[in-house]
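Take a look at the following structure, please.
All of the numbers you see were taken from the coordinates with simple rules; none came from a lab. Since the structure is predicted, the reported quantities are computational estimates derived from the model, not experimental observations. Here the Cβ positions follow ideal geometry from the backbone for every residue, glycine too, while neighbour counts run over all protein chains shown.
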Amino acid sequence: MPTSKASKTDNLFAKLLNNVGLAALAAVAIALPACTIPAEPEAADPEATIEENAAGVEEDNVTVEELTDNLEAYLGETVSVREEIAEVVGEYSFTLENSELFGGEQVLVINASEQGLELVDGEDTQVQVTGEVREFLMADFESDYGLGFDPDIFGEYEERPVIVAQSVALSPDPADISSDPEQYYNKRIAVEGEVGSIQSANVITIDDETLFGGEELLVISPQVPVAAQEDETVVITGVLRPFVLAEFEQDYDLTWDLDVQQQIEAEYENRPVFIADEIYPSAL
């Protein structure tokens, strides 16, 4: 596993770990802060999060290889990339690497999402990032974000692609979710899978033989109708929660048919259910 590069100019990461308490983190977890960190972290409001993300800009879903091979084509564009973290770089940044390239080009990501990220598998954690592609020019970034970038650490990324991430989410394999769904409850994650069935305009299932022993994952999109077809491979971002009807009715404005509601309650009560804020075609 790659080794981390510690910042020489900032000790904020260590202070944050002390604040939350090392015992609160799993032994393999790394807490990666964002560039802007709220002074008083508050519990996420699921409905507010969905409304905020549903109103976001349209992005291209691309691979690391596409970015590194054709930077000019993506400069200024908002993209989404799903890859494993190659290494943590400094306090607010990490690199993504296409594992299929066996040590190929890495893309630097600066976490400007105002959301910290707990890396459940250390630096091998798979994540999805959405943000603007820029050319990394250290002087410009220091001016834009008021941050100090150590030339000894960031010098190698000069004039290379960087994603300024406005959204960062864990992106576990379906089998990881199945083996330990509680680990991902109420965390923003991204899941890739094939649409199994469309039960209503806002309710679909994801079919993956590695999910929950071959059982389908129910996906509810409270704010936006699902624009996907059966058998289409899609990426879904949102929050995984155990299905408790009373809580869902309180948290979301669900307008589903009574028959659909009764069927879902009978089949999925207390089972993991995915509350989606975005659903779009996979790039792979």
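When every alpha-carbon pair in the range 118-186 is counted, what percent end up more than 20 Å apart?
47
What is the fewest-to-most order of 248, 149 by other Cβ atoms lying within 10 Å of their Cβ? Don't skip to the end; give the middle numbers.
On the way: 248 19, 149 23.
Taking fewest neighbouring Cβ atoms as first place, the list is 248, 149.
Something else about it: Provide 194, 91, 72 in ascending order of the number of other Cβ atoms located within 10 Å of each residue's Cβ, fewest first.
Working: 194 17, 91 21, 72 9.
With the fewest neighbours first, 194, 91, 72 line up as 72, 194, 91.
For the range 240-284, which GluC sites (Glu not before Pro) are both in a DSSP coil and crowded by at most 16 other Cβ atoms within 10 Å? Present the calculation step by step, with values, prior to reporting the outcome.
Values: sites: 247, 249, 265, 267, 269, 278; in loops: 269.
Filter output for the range 240-284: 269.
Measure of size requested: the Rg and Dmax of the range 174-281, with Cα atoms as the atom set and Å as the unit; please supply both.
My reading of the Cα-based Rg and Dmax gives 12.5, 33 Å.
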